[in-house]
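Colleague: Quick one: the structure is below, questions incoming.
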């Protein structure tokens, strides 16, 4: 990487055991944020079946319903999304677990965001002493025409749910049939959901884009909180 090799040392504890330890230490207080495949969450559930019920909620970026886009990644495969497709068996374990609440930032709403040179410039101007903003300003490079802020939106909407202007509840699962649809997102309404262990998920569908962009810049350029805060 142009910025050099990381200097932070890895922890001795793996992610799954860390997750279980934290929800046991702080029951019903911890929001689990998932910005990638769900392998570690499925492992945590396998280690401790009470793990989902001990968390406050699960917030995740993943799943695709019917995105309105000319992006070739989704035009012919609108239900195909990386985070669920990468490890579909893990996604099924997680989506069927007894979480108190699940909130999903879909591809559909994520495609309404863009990282632009203008947004990068705003971060540069306001960077100040923020290490995160300085890093983005120095190393962020746009690649192609589609530069979505998927995971950033999921985090921002968790911090301020009013960023989301349209949402609905769906029952969500993953296709495990070993065919062309393997790993695709499956969803149902309350009226047509199957008679099996599918769980209700709050699905985000639209957002206040300008409010999100302002929040993105403000959070990146905010002073770093003191240690322990």
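Values in this text are rule-based calculations from the coordinates and carry no lab data. Everything numeric here is computed off the predicted structure, so don't read it as measured data. Please note: Cβ atoms are built from the backbone with ideal geometry, for glycine as well, and neighbour counts cover all protein chains shown.
Colleague: Does residue 151 meet the test of being over 21 Å from the mean Cα position of the chain (by Cα) and either assigned to a helix (DSSP H, G or I) or surrounded by fewer than 18 Cβ atoms within 10 Å (Cβ to Cβ) (or both)? So that I can check it myself, show each step before the final result.
Modeller: Values: over 21 Å from the mean Cα position of the chain (by Cα): no; either assigned to a helix (DSSP H, G or I) or surrounded by fewer than 18 Cβ atoms within 10 Å (Cβ to Cβ) (or both): yes.
No; evaluated as a whole, the condition is false for this residue.
Colleague: In addition: If I go through the range 59-79 residue by residue, how many of them are assigned to a loop (DSSP other than H, G, I, E, B) and either free of Cβ contacts under 8 Å to residues at least 40 places away in the same chain or out of contact with any strand residue (DSSP E or B) (no Cβ under 8 Å at 6 or more places or on another chain) (or both)?
Modeller: 9
Colleague: Got at least one residue in the range 86-95 being surrounded by fewer than 17 Cβ atoms within 10 Å (Cβ to Cβ), under 16 Å from the mean Cα position of the chain (by Cα) and within 28 Å of residue 135 (Cβ to Cβ)?
Modeller: We begin by selecting, within the range 86-95, every residue surrounded by fewer than 17 Cβ atoms within 10 Å (Cβ to Cβ); these are 86, 89.
Among the residues that remain, those that are also under 16 Å from the mean Cα position of the chain (by Cα) are: 86.
Filter once more, so that each one left must be within 28 Å of residue 135 (Cβ to Cβ): 86.
Scanning the range 86-95, I find at least one residue that is surrounded by fewer than 17 Cβ atoms within 10 Å (Cβ to Cβ), under 16 Å from the mean Cα position of the chain (by Cα) and within 28 Å of residue 135 (Cβ to Cβ), so the answer is yes.
Colleague: Can you name the number of the only condition in (1) crowded, with 18+ Cβ neighbours inside 10 Å; (2) in contact with a strand residue (DSSP E or B) (Cβ under 9 Å, 6 or more places away or on another chain); (3) within 21 Å of residue 218 (Cα to Cα) that residue 112 fails?
Modeller: Failing condition for residue 112: (1).
Colleague: Restricted to the range 170-191, and to residues that are surrounded by fewer than 13 Cβ atoms within 10 Å (Cβ to Cβ) and touching a strand residue (DSSP E or B) at 6+ places or on another chain (Cβ under 9 Å), which residue is nearest to residue 112 (Cα to Cα)?
Modeller: 189
Colleague: Could you figure out which of (1) free of Cβ contacts under 8 Å to residues at least 40 places away in the same chain; (2) assigned to a loop (DSSP other than H, G, I, E, B); (3) farther than 21 Å from residue 166 by Cα isn't true of residue 98?
Modeller: It is condition (1) that residue 98 fails.
Colleague: With the condition being over 24 Å from residue 86 (Cα atoms), I'd like the strands (runs of 3 or more DSSP E) fully within the range 163-229 carrying at least 2 qualifying residues. Walk me through it before giving the result.
Modeller: Details: elements: 164-174, 185-188, 199-207.
So the answer is 164-174, 199-207.
Colleague: Here's another thing I want to ask about it. Could you please find all residues in the range 123-148 being touching a helix residue (DSSP H, G or I) at 6+ places or on another chain (Cβ under 7 Å) and either part of a strand (DSSP E or B) or surrounded by 12 or more Cβ atoms within 10 Å (Cβ to Cβ) (or both)?
Modeller: Result: 123, 124, 126, 127, 130, 132, 133, 136, 137, 140, 142, 148.
Colleague: Right, another one. Checking the structure you have, find out if any residue of the range 45-57 is assigned to a loop (DSSP other than H, G, I, E, B), closer than 23 Å to residue 188 by Cβ and either in contact with a helix residue (DSSP H, G or I) (Cβ under 7 Å, 6 or more places away or on another chain) or without any contact (Cβ under 8 Å) to a residue 40 or more places away in the chain (or both).
Modeller: No, the range 45-57 contains no residue that is assigned to a loop (DSSP other than H, G, I, E, B), closer than 23 Å to residue 188 by Cβ and either in contact with a helix residue (DSSP H, G or I) (Cβ under 7 Å, 6 or more places away or on another chain) or without any contact (Cβ under 8 Å) to a residue 40 or more places away in the chain (or both).
Colleague: Exactly one condition in (1) free of Cβ contacts under 8 Å to residues at least 40 places away in the same chain; (2) touching a strand residue (DSSP E or B) at 6+ places or on another chain (Cβ under 8 Å) is false for residue 141; which is it?
Modeller: Tallying (1) free of Cβ contacts under 8 Å to residues at least 40 places away in the same chain; (2) touching a strand residue (DSSP E or B) at 6+ places or on another chain (Cβ under 8 Å), residue 141 fails exactly one: (2).
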